Structures are given as structure tokens and as C-alpha cells.
Amino acid sequence: MPAQRDYYQTLGVSETATTDEIKKAFRRLAKQYHPDRNPNNPQAAERFKEISEAHDVLSDAEQRKKYDQLRRYGAFAGSGAGGKGYGGPGGPGGAGGFSADFDLSDLGSFGGLGDLFSSIFGRRGPDSEVEADEEVEAAVSIPFRVAALGGKVPVTLPVSEVCPTCGGNGAAPGATISTCPECKGRGTISFGQGSFAVTRPCPVCRGKGKVPSQRCPTCQGEGEVRVEKRLMITVPPGTEDGTRVRLKGQGTRGRGDVVVVFHVEPDRFFRREGLDVICVVPINVAQAMLGSKIKVKTLAGRHIVLRVPPGTQHGQRFRIAGQGIEKNGRRGDQYVEVHVAIPEHLTPEEQAAIRAYAEKAGIRY
Ligand SMILES: [Zn+2]
Ligand SMILES: [Zn+2]
């Protein structure tokens, strides 16, 4: 278990991401988890804090450099080898005390990283991170009709998978594997002294305790590769904007979850009110005054004939029962809202006709 979530993972970007990509990822996530959009949701608030923190560090070239340096030394690696915390007073829960008392000069080459280091190790309890670390989040846009009626959409996700060349051990085919000289095979190294010692995965062997004579050419010894994974995702009928669906075991190394957040695209014709769908249909003045029959498309794609009675008003709604969204055994209706189009230009003859009508009807203008 890492001491702190990996900032790159937090933002869902690769470690080679450009500042632009980092900003984009941040904006997308920040919008989604902003407290204004998630009132009374402490998890969203916490996530928002993490996203902001990750962005603060990674968008600052100087801070990012320092962070990358620390990260290379395994301070945040997900290998879990250094999980058993800090050994200080109070055990892992006493992490806050650790950050205050730890002598950073013990770190030697980490000089000057004081603030960053303590902010990384000091802040959070170790409990809430296991699940989140293995989680890949993907925002998926779906057409209005697919959201309303249900369906399937293809999604491409960047996930880490076990390297197919080396099977995860990081060794080139045929390479000999020997005990790591850095950690003497323990897989961990310790910073600091005494009760404040911190154990971390060994940066040379990445916690494996063994090193190959030659690194795997496919993954450069990482043991895993980033791949674009294509999935068909089922969209349940009546899916609303912002709905989250968890796909178990579809993420990192086939273990982590993928959380899909649906974004429902607006439709040109339909909009939604609960389980009802509303559509606007224009009619002309003669239809409004004299009555008419109009053709209307339903959500399911059928065309039905709707009778508009004489004297129909602009904005009046007509219900087509049972043609709305079906969800959990309930079914909404379709409402047709008619908009009366007033002619913009009249010929002199047409004007005369309207004047004659006004006189007959006794209306003044
Ligand atoms: Zn490999
Ligand atoms: Zn090692």
C-alpha cells in the first residue's frame, strides 16, 4: 500500500504527460468532482482535494521534477512492499508525527525536498487508498437515445497490463536473474534511522528483490505495459447524466475496477424530464386556429399522428401516453409541445386578408 496516491494516477495521465494534458485531465475531473456539483458528498470533496493537490504539484515544472525524483525512489510505488508504515509512535496511524519529527537530512540526495516530502507522507491515513489506487476512471459520452432506451457503447481505456513479453518479471527473454545488489534481495530499502525509519520498495529492483541481466525490451523492465483496452459497455435504460457504473476487474492488470461516468449528449429533438420526454413541434397559424393532424416521432423511432384541436395555443403540451422512458418497471410519457410559427412577411394581399379577418372577429390592432 503506497503512502500516498500516485499523482499521475490521480489525474489519470501518464508520467510523460505534457503540462497541457495534465491541465486538461485536471479540468475534466475538477468539473466532475467540484463541491458545487456534489453537495453533501464527502467522497467527492475528498477526491476534489486530491485532484487539486496532484494538479498543483504536476503543473509546476519545478515541483514536478522533485516529485518525479521521489517517485522514482519508490515513495509512491504501488508494489506494496513498504506498506507497513512508519514504525513511529502510534504505528501507521501516527504518520502525522512522523512528518513533523523526521530529519530530512537523513535522506541525503533528497535534500531540499522537505515540504514536498512531508506533505506526501504526512497527510492521509493509509486506509482509504487501496481501492482507489487500482481504479481507472473514464468519462464516456453517450447519445441521448442510447441513454434513454439503453444499449451498448464501445469505450477505449488506457490501462496497465502485465507485460506479454516477460510475464511481469521485467527480464528480457533468455536473461539471467540474480539477487538485487541494492537491497540484497529484500525488495525494500530504508530511509532514516531508528523508530523513524521508513521502508520503501527498492528502486533498483522495484521491490522484486531480483534483477535481470538484461531488461525486457517491451516494458523496459517495468513488468507492465500501458495498453488501450476496448470494451463494450452496457448502458442501462433511463441512464442519467453523471451516472457511474463500476466494472469489476476490467482495469489495471486485470484486477482493478473501471469506473465509467456517463455523460449524456443532448438530442436535437428530445429532452428529458424524469421519465418523460419532451419534444417541440412547430405548427403554423392555420393549424393552430383551425386544428390539424401532425406527424410526430416517438423516442422509439415510430411515427404517430397527433390531432391538434382548433384553438391550440403556443406552448400547449399534448401527452402521448407510455412513450417515455422505461425504468424499474415504470414508464414515462412523451409530451409534444407545439410552437406556433407566426409568418414574418405578408404580401399586400395576405395583409388584406388578415385585416378582413380582424374586422370580422372584432379584434383591434
Ligand atoms: Zn516486459
Ligand atoms: Zn532491490
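The values are calculated or read from the model by the stated rules, or taken from the named source; none is laboratory data. Quick caveat: nothing in here was measured; it's all calculated off a predicted structure. Cβ: placed from backbone, ideal geometry, glycine included. Neighbour counts: every protein chain shown.
A few points about this structure:
- Selection from the stretch 315-365 of residues that are in a loop (DSSP other than H, G, I, E, B), under 34 Å from the mean Cα position of the chain (by Cα) and not small (Gly, Ala, Ser): 323, 325, 328, 333
- Index of the failed condition, residue 275 passing every other in (1) in the same structural domain as residue 322 (by TED's automatic domain parsing); (2) surrounded by fewer than 12 Cβ atoms within 10 Å (Cβ to Cβ): (2)
- One residue from 311, 301, 249 being in the same structural domain as residue 158 (by TED's automatic domain parsing) and in a loop (DSSP other than H, G, I, E, B): 249
- Selection within the stretch 278-309 - surrounded by 14 or more Cβ atoms within 10 Å (Cβ to Cβ) and among the basic types (Lys, Arg): 297
- Scan the stretch 1-55 for residues that are of a type in the set (Lys, Arg) and in a loop (DSSP other than H, G, I, E, B) and the total you get is 2.
- Looking across the stretch 190-213, the residues that are over 24 Å from residue 159 (Cα atoms), out of contact with any Asp or Glu (no Cβ under 9 Å at 6 or more places or on another chain), surrounded by 13 or more Cβ atoms within 10 Å (Cβ to Cβ) and of a type outside the set (A, V, I, L, M, F, W, C) come down to 190, 199, 200, 209, 210, 212.
- In the stretch 183-193, of all residues being more than 37 Å from the chain's Cα centre (by Cα) and touching a residue at least 24 places away in the same chain (Cβ under 8 Å), the one that is farthest from ligand 2 (Cβ to nearest atom) corresponds to 193.
- Residue 160 meets all of the listed conditions (1) at pLDDT 90 or above; (2) among the small types (Gly, Ala, Ser); (3) within 16 Å of ligand 1 (Cβ to nearest atom); (4) within 31 Å of the chain's Cα centre (by Cα) but one, namely (1).
The rows are residues; the columns are (1) under 28 Å from the mean Cα position of the chain (by Cα); (2) part of a loop (DSSP other than H, G, I, E, B); (3) farther than 29 Å from residue 357 by Cα; (4) at pLDDT 95 or above.
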{"site": "253", "(1), (2), (3), (4)": "yes, no, yes, no"}
{"site": "256", "(1), (2), (3), (4)": "yes, yes, yes, no"}
{"site": "261", "(1), (2), (3), (4)": "yes, no, yes, no"}
{"site": "268", "(1), (2), (3), (4)": "yes, yes, yes, no"}
{"site": "277", "(1), (2), (3), (4)": "yes, no, yes, yes"}
{"site": "281", "(1), (2), (3), (4)": "no, no, no, yes"}
{"site": "288", "(1), (2), (3), (4)": "no, no, no, yes"}
{"site": "293", "(1), (2), (3), (4)": "no, no, no, yes"}
{"site": "296", "(1), (2), (3), (4)": "no, no, yes, yes"}
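- Summed over the stretch 211-238, residues that are away from ligand 2 (no atom under 16 Å from the Cβ), out of contact with any helix residue (DSSP H, G or I) (no Cβ under 8 Å at 6 or more places or on another chain) and in a loop (DSSP other than H, G, I, E, B) total 7.
- Looking across the stretch 183-210 at every residue that is of a type in the set (D, E, K, R) and in contact with a strand residue (DSSP E or B) (Cβ under 7 Å, 6 or more places away or on another chain), the one that is farthest from residue 10 (Cα to Cα) is identified as 210.
- In the stretch 310-353, the residues that are of a type in the set (A, V, I, L, M), exposed (fewer than 14 other Cβ atoms within 10 Å of the Cβ) and over 25 Å from residue 149 (Cβ atoms): 341, 342, 346, 352, 353
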